[in-house]
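Written below as structure tokens is the structure these notes are about.
The values are calculated or read from the model by the stated rules, or taken from the named source; none is laboratory data. Keep in mind that what you see is a predicted model, and the values were worked out from it rather than measured. Glycine gets a Cβ as well: all are built from the backbone with ideal geometry, and neighbour counts include every protein chain shown.
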Amino acid sequence: MFIENKKYKYEQKGWIEVICGSMFSGKTEELIRRLKRAKIAKLKIEIFKPEIDTRYDEKNVVSHDENVVNSTPVQSSSQILLLATNVDVIGIDEAQFFDDELPSVCNQLANKGIRVIVAGLDMDYLGKPFGPIPALLAMAEYVTKVHAICVGCGDIAQHSHRTVVSDKLVVLGEIESYEPLCRACFQKKEKSKT
């Protein structure tokens with residue numbers, strides 16, 4: 001994509017940024033902060049989220065601190081390619097819920113000169129890599145890992161421990177269903193289940 005102003009003609013370079021961490025670590029808050037700064041810079045932005053995520057709002061992206069930005073809910077990552085026209089910056093929230101094509105979609109967008117900012121859980125409730133996030137981490141130019149505070153001991157938390165009983169990989173929930181834990185507290189809770 002080429003940008004022209006009165007003095008210069010230059011190529012806009014795209015890249016991928018990933019914001020990852022556990023639940024309650026501020027991923028969405030950081031995504032919203034970056035998008036607001038892009039808007040201040042008069043860049044054209046578009047935000048997408050998975051249609052499945054209706055916890056706070058069916059359409060908007062909402063942080064735990066209740067900051068809100070308009071978004072477009074989509075069923076699959078390929079829809080992002082179809083809807084992302086004439087933009088400089090794309091934000092994608094709750095990326096762990098997208099299909100395995102998301103890394104390819106992000107790569108295609110970045111190759112077109114678009115800055116792509118992706119936020120999502122890097123690990124599932126069992127502490128295993130979650131969905132398309134590992135591949136995105138490998139291809140991103142910038143990675144930010146944010147942390148919550150462990151409710152067990154007050155240290156840095158990196159795990160999203162599920163407090164309700166379910167074997168399903170995806171259980172939408174908030175503080176009624178999950179708690180942030182550090183490695184040691186997470187291991188203690190997991191051992192107590194056996």
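Is it the case that the range 162-173 has a residue that's assigned to a loop (DSSP other than H, G, I, E, B) and closer than 30 Å to Arg37 by Cα? Outline the logic, then answer.
Initially, the range 162-173 is screened for residues assigned to a loop (DSSP other than H, G, I, E, B), giving 163-173.
Narrowing further to those that are closer than 30 Å to Arg37 by Cα: 172-173.
The answer is yes, given that some residue of the range 162-173 is assigned to a loop (DSSP other than H, G, I, E, B) and closer than 30 Å to Arg37 by Cα.
Can you pull out every residue in the range 77-92 that is closer than 18 Å to Val18 by Cβ and at pLDDT 95 or above?
Start the filter on the range 77-92 by keeping residues that are closer than 18 Å to Val18 by Cβ, which leaves 77, 80, 84, 89-92.
Across the range 77-92, the qualifying residues are Ser77, Ile80, Val89, Ile90, Gly91, Ile92.
For the range 142-158, does any single residue satisfy the condition of being more than 29 Å from Cys106 (Cβ to Cβ), free of Cβ contacts under 8 Å to residues at least 24 places away in the same chain and touching a strand residue (DSSP E or B) at 6+ places or on another chain (Cβ under 8 Å)?
Within the range 142-158, the first condition is being more than 29 Å from Cys106 (Cβ to Cβ), and the residues that meet it are 149-155.
Still in the running and free of Cβ contacts under 8 Å to residues at least 24 places away in the same chain: 154.
Then drop every residue that is not touching a strand residue (DSSP E or B) at 6+ places or on another chain (Cβ under 8 Å), which leaves none.
So far as the range 142-158 goes, no, none of its residues is more than 29 Å from Cys106 (Cβ to Cβ), free of Cβ contacts under 8 Å to residues at least 24 places away in the same chain and touching a strand residue (DSSP E or B) at 6+ places or on another chain (Cβ under 8 Å).
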Response to the item:
Considering the range 12-39, residues that are at pLDDT 95 or above and among the β-branched types (Val, Ile, Thr), and then whichever is farthest from the chain's Cα centre (by Cα), we arrive at Ile16
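Rundown of residues vs (1) modelled with pLDDT of 95 or more; (2) crowded, with 16+ Cβ neighbours inside 10 Å; (3) among the hydroxyl-bearing types (Ser, Thr, Tyr); (4) over 21 Å from Asp167 (Cα atoms), yes/no style:
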| position | (1), (2), (3), (4) |
| --- | --- |
| Glu66 | no, no, no, yes |
| Gln75 | no, no, no, yes |
| Leu102 | yes, yes, no, yes |
| Val105 | yes, yes, no, yes |
| Val116 | yes, yes, no, yes |
| Asp122 | yes, yes, no, no |
| Lys128 | yes, no, no, no |
Worksheet item: Is the range 133-151 home to any residue that is of a type in the set (S, T, N, Q), more than 18 Å from Ile32 (Cβ to Cβ) and surrounded by 15 or more Cβ atoms within 10 Å (Cβ to Cβ)?
Response: no
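Hey, can you tell me all the residues within the range 49-64 that are under 20 Å from Ser22 (Cα atoms) and either modelled with pLDDT of 80 or more or of a type in the set (A, V, I, L, M) (or both)? It would help to see each step written out before you state the result.
Of all residues in the range 49-64, those under 20 Å from Ser22 (Cα atoms) come to 49-50, 52-56, 61-64.
Residues satisfying the conditions are Lys49, Pro50, Ile52, Val61, Val62.
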